[in-house]
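What follows is a short report on a single structure.
The values are calculated or read from the model by the stated rules, or taken from the named source; none is laboratory data. Remember, predicted model here, so these are calculated numbers, not experimental data. Positions of Cβ are backbone-derived with ideal geometry, glycine not excepted, and every protein chain shown enters the neighbour counts.
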Amino acid sequence: MKWRTRACHEVQTDGELDDLKLHDSLSLMLDVHIGTWIAGLLSLLSLGAAISWPYVKLNGNFSSHLLEMKSTNDYIIVNFFVFCSYTFQYMMTAGILEYTNPKGFASKNLNDEERNRRKRQIRKELGLGIVAMIINTTYAVNWMYFVEPYLWYSDFFVKRSYSLMWFLLNVIVYGLVFDTWFYWTHRALHESSYLWDKIHVVHHAFKAPSAFCQDAVHPLEGLVQGAMGHYVAAIFFPFHPIALAFFGLFTSCYAIAAHDGRIGDLNHHYAHHSKGKGRLHNFNYGLYWPLWDWICNTRYNDRKDEPVTKSIKNQE
Ligand SMILES: [Zn+2]
Ligand SMILES: [Zn+2]
């Protein structure tokens with residue numbers, strides 16, 4: 001799939017969203033009422049999860065791993081089940097936020113033109129989001145199949161109980177490592193004109209993102225900032241499989257809400273989209289909280305709407 005990009009120094013305009021073309025046939029396929037699309041996809045995903053669930057084999061006590069995959073059949077079924085259930089969660093959470101959003105396509109505050117524009121935007125966010133979901137869930141299942149059994153701590157919580165202290169340690173390590181990974185990979189996507197033009201410009205086509213925008217990214221960005229970021233901490237620190245699965249679900253819901261922008265957006269990710277222009281959205285890089293943005297002085301400053309990262313400032 002070919003992604004259309006634009007020069008980094010161009011000023012973004014309201015018409016920019018329409019410049020982001022999906023593949024022609026995909027656009028044609030998506031050209032139905034957005035409510036129908038969401039309801040239809042949710043039905044298909046729940047059906048897929050329900051049909052595959054009886055064939056998914058669970059591990060006995062979950063202390064070393066959650067799912068048993070001893071054959072290629074198991075591997076394929078788990079891939080299908082994880083994609084259906086995780087994408088269902090993404091669409092359901094984003095759908096509820098969009099339906100209740102005063103700027104959402106169901107809101108009475110919008111005129112016909114604004115409503116149609118919002119629907120077009122969500123179709124594009126959904127198209128990109130589902131591709132990113134396929135990549136993210138495949139990576140997660142491959143991690144469980146090929147990596148998890150060989151980690152140095154694979155039987156760590158089989159031999160000792162998982163106490164409250166271990167859970168709190170898991171929360172702290174996961175939160176710090178994930179947000180550090182997210183901040184620096186996100187910042188690289190802005191600092192490098194190559195990465196901006198080829199990859200991150202796709203996500204910033206959405207200046208007034210809906211909750212569906214969480215995964216409306218270039219596939220490579222979805223992989224690096226999603227699934228890879230999720231498992232980085234688990235390489236060197238013992239995580240209970242249930243806790244790790246819960247953190248993945250929490251991160252997804254948090255990021256969906258951050259794009260809706262009304263609740264829980266601690267580091268004002270919505271402003272990261274709506275303020276600034278082009279690569280000059282170079283503030284509020286962190287996802288969970290503003291820790292690294294405070295340390296590196298890259299918090300958005302309302303009083304001076306200008307680039308905050310020196311290296312980009314010098315190139316503009
Ligand atoms: Zn960005
Ligand atoms: Zn975003």
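Only one of these is more than 16 Å from ligand 1 (Cβ to nearest atom) and either farther than 30 Å from SER161 by Cβ or modelled with pLDDT of 90 or more (or both): THR251, THR298. Name it. Reasoning before the result, please.
Details: THR298 fails: more than 16 Å from ligand 1 (Cβ to nearest atom).
Step by step, each of THR251, THR298 is checked, and only THR251 is more than 16 Å from ligand 1 (Cβ to nearest atom) and either farther than 30 Å from SER161 by Cβ or modelled with pLDDT of 90 or more (or both).
Out of all the residues in the range 43-66, which are under 21 Å from LEU244 (Cβ atoms) and either within 21 Å of the chain's Cα centre (by Cα) or not in a helix (DSSP H, G or I) (or both)?
Looking only at the range 43-66, we keep the residues that are under 21 Å from LEU244 (Cβ atoms), and these are 49, 53, 56-66.
Correct list: ALA49, VAL56, LYS57, LEU58, ASN59, GLY60, ASN61, PHE62, SER63, SER64, HIS65, LEU66.
With the condition being within 16 Å of ligand 2 (Cβ to nearest atom) and touching a Gly at 6+ places or on another chain (Cβ under 9 Å), I'd like the helices (runs of 4 or more DSSP H) fully within the range 152-208 carrying at least 1 qualifying residues.
Ranges flagged: 164-191, 193-198.
Contact list please: Cβ distance under 8 Å, first residue in the range 55-66 and farther than 13 Å from VAL82 by Cβ and of a type in the set (Lys, Arg), second residue surrounded by 12 or more Cβ atoms within 10 Å (Cβ to Cβ) and at pLDDT 85 or above, pairs at least six apart or on different chains.
LYS57/LEU67; LYS57/GLU68; LYS57/MET69; LYS57/ASP74
With respect to the numbered conditions (1) touching a residue at least 12 places away in the same chain (Cβ under 8 Å); (2) not in a helix (DSSP H, G or I), which one is the sole condition not fulfilled by GLU125?
In the conditions (1) touching a residue at least 12 places away in the same chain (Cβ under 8 Å); (2) not in a helix (DSSP H, G or I), GLU125 misses (2) alone.
Sort out which residues of the range 261-278 are near ligand 1 (Cβ under 9 Å from one of its atoms) and touching a Cys at 6+ places or on another chain (Cβ under 9 Å), and write them in order of number.
Of everything in the range 261-278, just one residue is near ligand 1 (Cβ under 9 Å from one of its atoms) and touching a Cys at 6+ places or on another chain (Cβ under 9 Å), namely HIS273.
Within the bounds of the range 217-237, is there any residue that is more than 18 Å from VAL131 (Cα to Cα), in contact (Cβ under 8 Å) with a residue 40 or more places away in the chain, out of contact with any Leu (no Cβ under 6 Å at 6 or more places or on another chain) and not in a helix (DSSP H, G or I)?
Within the range 217-237, one or more residues are more than 18 Å from VAL131 (Cα to Cα), in contact (Cβ under 8 Å) with a residue 40 or more places away in the chain, out of contact with any Leu (no Cβ under 6 Å at 6 or more places or on another chain) and not in a helix (DSSP H, G or I).
Going through the range 220-234 one residue at a time, which ones are more than 12 Å from ligand 1 (Cβ to nearest atom), touching a Phe, Trp or Tyr at 6+ places or on another chain (Cβ under 9 Å) and not hydroxyl-bearing (Ser, Thr, Tyr)?
LEU223, VAL224, GLY226, ALA227, MET228, GLY229, HIS230, VAL232, ALA233, ALA234, listed by residue number.
Within the range 67-89, track down each residue that is over 21 Å from the mean Cα position of the chain (by Cα) and more than 15 Å from PHE146 (Cβ to Cβ).
ASN73, ILE77, listed by residue number.
Check off (1) more than 14 Å from ligand 1 (Cβ to nearest atom); (2) within 17 Å of ALA211 (Cα to Cα) for ALA258 and give me the number that stays unchecked.
Every condition holds for ALA258 apart from (1).
Can you pull out every residue in the range 253-291 that is assigned to a helix (DSSP H, G or I) and either away from ligand 2 (no atom under 13 Å from the Cβ) or at positive phi (or both)? Steps first, answer last, please.
Initially, the range 253-291 is screened for residues assigned to a helix (DSSP H, G or I), giving 253-260, 269-274, 278-280, 291.
Of everything in the range 253-291, those that are assigned to a helix (DSSP H, G or I) and either away from ligand 2 (no atom under 13 Å from the Cβ) or at positive phi (or both) turn out to be CYS253, GLY278, ARG279, LEU280, LEU291.
Residues in the range 81-108 that are more than 19 Å from LEU126 (Cα to Cα) and in contact with a Gly (Cβ under 9 Å, 6 or more places away or on another chain): how many?
Residues that pass the stated criteria total 1.
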